[in-house]
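This report concerns only the one structure given below.
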Amino acid sequence: MSALGHLGTGSVASATPSDQPVAGGRRRRWVPYVLLLPGILWLLLFFAIPCLELLATSLYDPSGSLETGYAMTWHFANYSDAVREYAGHFGRSIGYAALTTLITLLIGYPLAYAIALKGGRWKNLMLVGVIAPFFTSFLIRTLAWKVILSDDGPVVSTLNALHVPLPDGRLLATGPAVIAGLVYNFLPFMVLPLYASLEKLDPRLLEAAGDLYARPVSRFFRVALPLSMPGVVAGTLLTFIPAAGDYINAQLLGTTRQYMIGNVIESKFLKVGDYPGAAALSFALMAAILVLVLVYVRRAGTEEVL
Amino acid sequence: MTEQDHGNTDADLHIVGVTKRFGTFTAVDDLTLTVPQGSFFALLGASGCGKTTTLRMVAGLEEPTAGRILLGTQDVTRLRPYKRPVNTVFQSYALFPHLSIFDNIAFGLRRRGIRDHAKQVEQMLHLVELDGYGSRRPAQLSGGQQQRVALARALINQPQVLLLDEPLGALDLKLRRQMQIELKRIQTEVGITFVHVTHDQEEAMTMADTVAVMNAGRIEQLGAPTDMYEFPGTAFVANFLGQSNLLAATVTGVSGDDVLVQAYGERFSLPAARCRLTAGTAWLGVRPEKLHLAPTPDAVPTGHQAVRGEVTDSSYVGVSTQYLVRAPWGDELTVFVPNSGIAAPLAVGSEVVVHWRPEHAFLIERAPDETVAPMPEPEDAVGVGT
């Protein structure tokens, strides 16, 4: 290219401008990598290396302790022991997280739809309303739920007044309380991606569907929902993954009978000091979530939409 | 201006006394209109004249503030859009991006529970010359192809009325011309009533058999394109459909079949059949292509009306040369002279006589205090026949 350029113009002066873009191009090819460098370093240092460390820990001999030190014995039985012993906690984690995801989707979709398509000039204010709870710490908000759901709190007394039967006459320290806390805490993670994809939905497509004999229900399932699938997938992932690993809600709003796998990992790491067992549980949870997410994303058929 | 013929039992579209207000703004103002079954009807007007609002009310996408909309004898004013036998080709096409072309076209039939639709969809694809495109996605098609899919998606439902909202607006000029012919062919073939909203008067004139010119929520004039062009009813129409030279005149009398007028101290006459009024103040109008230029008064054929002037500008546009001629009273007349190779081009500064046949002029109403003809927005008035 540049050789032809020289032949064409045949002047010495043209050599400089025709060389510059090449040098610039070479320099520009490096730019993306330079920009990625801080992030890659961060991930290496604080994610990849700790993960490898955790993986190694999960294969240590479980008879060691922090004081005596651990020996690397490739003890794969850590995994089978962990999964066998805590299968119930695993199941509860996945179940609670799945229910939480479903409920946040059912609450969050209409909310996001209303904000995106009917919000008008209140749109931004409503979004601030969705994010506002983040200004208070996660822990404080969950503790507040403890008060709300307590035996003499407003919810229980209202339900009692309405003669709604409650198991053992209480809400706190039950499965529904844990799920309620999870739903409350993770709702914004569902609403925001849903809002982002519904905001892009062209209302003229809904008009066109109505013009083509689609009743409101079929208009929703044939046009609005399929077109907002990227938001549904992103929202459910952002809710399900952290909810499955959460332990604060189970700890504050439940009892040991509501404990999730996060509670077990927390106690093994911080109280019991069973590092290999805790690491094995962490890795098993990661693997389980990864498999579930892969299956889900495939089933949702949204690779091309995402 | 508007026509009202009740008592029809067929499938004509009747808009009766329809008004639509958005807050304090009146978009459509007491509009009454009948679109005969099987006609190609154009609603023509500048942006904001209420034409799209009218269309959306027929589709059911807006509810009229007052008035009724009838399809034949059925009152559809308050009927939800999905219950109306009316379909729309949207300006932006509004094709469903997540569905294939086939599924887009089959959408309406499926919603009405018609299962055996594959053959009909194939026929539609054939009608709009998109055979074999069924499995593609809208994003894989060009603008013109998307436009035809939008048309097929609406037509397959065999609506009583097909509404077209500036359907060719997004296409380039060449494609637009092609699609104009195409649309006209399809309309003739399927025989469905087309109501076509456009701001492009050339588009309206090429395709429609009836054109309604809208202005400020009302219909200025309604009729066949040729009639309206040859004998506009108002000064707005005279300048919206093509161009006109309008002279502020006053009727001075009637002599036999002729009406006598005076404008800027000069006397003119024209046949009474070409006059919308026979007394008071008026605009005397002549289309630029109906004006001729003669070098001297002797060269003006007998019976022609004439005005002396001086050529102030000439622009060559291929098929014709457009001259501006300053009349004695200071205004400039526009004259289109076909480049037929007979007359030599005239230089700027030449003394000429502008002349026309009396039956080529027309006389329309003018308010006494009006001295400058109303001009539509320049962006909306695209020259015709230039």
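A short reminder: the numbers here are calculations on the coordinates, not readings from a lab. Being a predicted model, the structure only gives us computed values, none of them experimental. Positions of Cβ are generated from backbone atoms using ideal geometry, with glycine treated the same way; all protein chains shown enter the neighbour counts.
Would you kindly state how much longer the chain becomes between A:D152 and A:A87 on full extension, computed as 0.36 nm times their sequence separation minus their alpha carbon distance, in nm to one decimal?
Numbers: separation 65, 0.36 × 65 = 23.40 nm, distance 3.45 nm.
So the chain would gain 20.0 nm between A:D152 and A:A87.
Classify chain B as rounded, prolate or oblate, taking a ≥ b ≥ c as the square roots of the eigenvalues of its Cα gyration tensor: rounded when a/c is under 1.5, otherwise prolate if a/b is larger than b/c and oblate if not.
Numbers: a/c = 2.84, a/b = 1.81, b/c = 1.57.
It comes out prolate by the Cα gyration axes.
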Give me A:I131, A:I241 sorted ascending by neighbouring Cβ count inside 10 Å, so fewest comes first.
A:I131, A:I241
How much of the pair distance distribution for the protein assembly as shown lies past 39 Å, counting alpha-carbon pairs only, in percent?
59 percent
Does the stretch B:3-228 classify as rounded, prolate or oblate by the C-alpha gyration tensor (a ≥ b ≥ c root eigenvalues; a/c under 1.5 gives rounded; else a/b over b/c gives prolate, otherwise oblate)?
prolate
Sequence gap at least 6, Cα distance under 8 Å: using those rules, report the relative contact order of chain A to the nearest whole percent.
25 percent
Per-residue [θ]222 nm for chain B (sum of -39500 (n - 2.57) over DSSP H runs n ≥ 4, rounded to 500):
-6000 deg cm²/dmol
Nearest 10, in degrees from 0 to 90: the angle of helix B:143-155 to the longest Cα principal axis of chain B is 70 degrees
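Relative contact order for chain B using alpha-carbon pairs under 8 Å, separation at least 6, rounded to a whole percent?
Working: 813 pairs, mean separation 61.5, N = 386.
This gives 16 percent for chain B.
In nm, what is the difference between 0.36 nm times the number of residues separating B:A272 and B:A170 and their Cα-Cα distance? Mind dumping the intermediate values first?
Values: separation 102, 0.36 × 102 = 36.72 nm, distance 4.38 nm.
Result: 32.3 nm gained on full extension.
B:D131 to B:S100: extension gain in nm, 0.36 nm per residue of separation minus the Cα-Cα distance? Kindly include the intermediate steps, with their values, before the conclusion.
Values: separation 31, 0.36 × 31 = 11.16 nm, distance 1.36 nm.
Length difference between fully extended and current span is 9.8 nm.
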Using a basic spin-label model with each label point 7 Å from the Cα along Cα→Cβ, how many nm lie between A:S137 and B:R177?
7.4 nm
Round to the nearest 10 and give me the degree value, 0 to 90, for the angle of helix B:173-190's Cα axis relative to the longest principal axis of chain B.
60 degrees
What's the angle, to the nearest 10 degrees (0 to 90), between helix B:101-111's Cα axis and the longest principal axis of chain B?
70 degrees
Which whole-Hz ³J(HN,Hα) couplings does the stretch B:334-348 yield from phi under the Karplus relation 6.51 cos²θ - 1.76 cosθ + 1.60, θ = phi - 60°, glycine and proline marked x?
9, 10, 9, 10, x, 7, 7, x, 8, 8, 6, x, 9, 7, 4
Restricting attention to the stretch A:246-306, which GluC sites (Glu not before Pro) occupy a DSSP loop and are surrounded by at most 11 other Cβ atoms within 10 Å?
A:E303, A:E304
Amide H to amide H, which residues 5 or more places from B:V76 or on other chains are under 5 Å from it, using H placed in the peptide plane?
B:I69, B:L70, B:L71
Distance in nm between label sites at B:V254 and A:L35, each 7 Å beyond Cα in the beta-carbon direction?
8.0 nm
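In chain B, once you exclude exposed trypsin sites (Lys or Arg not before Pro) (DSSP loop, at most 11 other Cβ within 10 angstrom), what's the longest stretch remaining?
Details: sites that count: B:R78, B:R115.
Between exposed loop sites, the widest span is B:116-386.
At a Förster radius of 56 Å, what calculated FRET efficiency corresponds to the Cβ-Cβ distance of B:Q37 and B:H304, to the nearest 0.05? Could the numbers behind the result be given before it?
Details: r = 45 Å, r/R0 = 0.80.
That pair, B:Q37 with B:H304, gives E of 0.80.
Compute the FRET efficiency between B:S92 and B:D30 as 1/(1 + (r/R0)^6), taking r as their Cβ-Cβ distance and R0 = 22 Å, and round to the nearest 0.05. Show your work: numbers first, answer last.
On the way: r = 30 Å, r/R0 = 1.35.
Using R0 = 22 Å, I get an efficiency of 0.15.
Given Cα pairs under 8 Å that are at least 6 residues apart, what percent is the relative contact order of the stretch B:3-228?
On the way: 452 pairs, mean separation 64.5, N = 226.
Reported relative contact order: 29 percent.
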Summing -39500 (n - 2.57) over every DSSP H run of at least 4 in chain A, dividing by its residue total and rounding to the nearest 500, the 222 nm mean residue ellipticity is -22000 deg cm²/dmol
How many nm separate the modelled label positions at B:Q262 and B:E332, each set 7 Å beyond the Cα in the direction of the Cβ?
2.9 nm
When Cβ neighbours within 10 Å are restricted to other protein chains, what is their mean count per residue of peptide A:196-209?
4
Per-pair calculated FRET efficiency, R0 = 60 Å: B:V190 and A:L162 via Cβ, rounded to 0.05:
0.45
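Over all residues in A:212-220, what is the mean tally of Cβ atoms on other chains that come within 10 Å of each residue's Cβ? It would help to have the intermediate numbers written out before the result.
Working: counts 19, 15, 7, 4, 2, 0, 4, 2, 0.
For peptide A:212-220, the averaged partner shielding equals 6.
Once a ≥ b ≥ c are taken as the square roots of the eigenvalues of the Cα gyration tensor of chain A, is the result rounded (a/c under 1.5), prolate (a/b larger than b/c) or oblate (a/b not larger than b/c)?
Details: a/c = 2.55, a/b = 1.27, b/c = 2.01.
Since a/c reaches 1.5 but b/c is at least a/b, the shape of chain A is classed as oblate.
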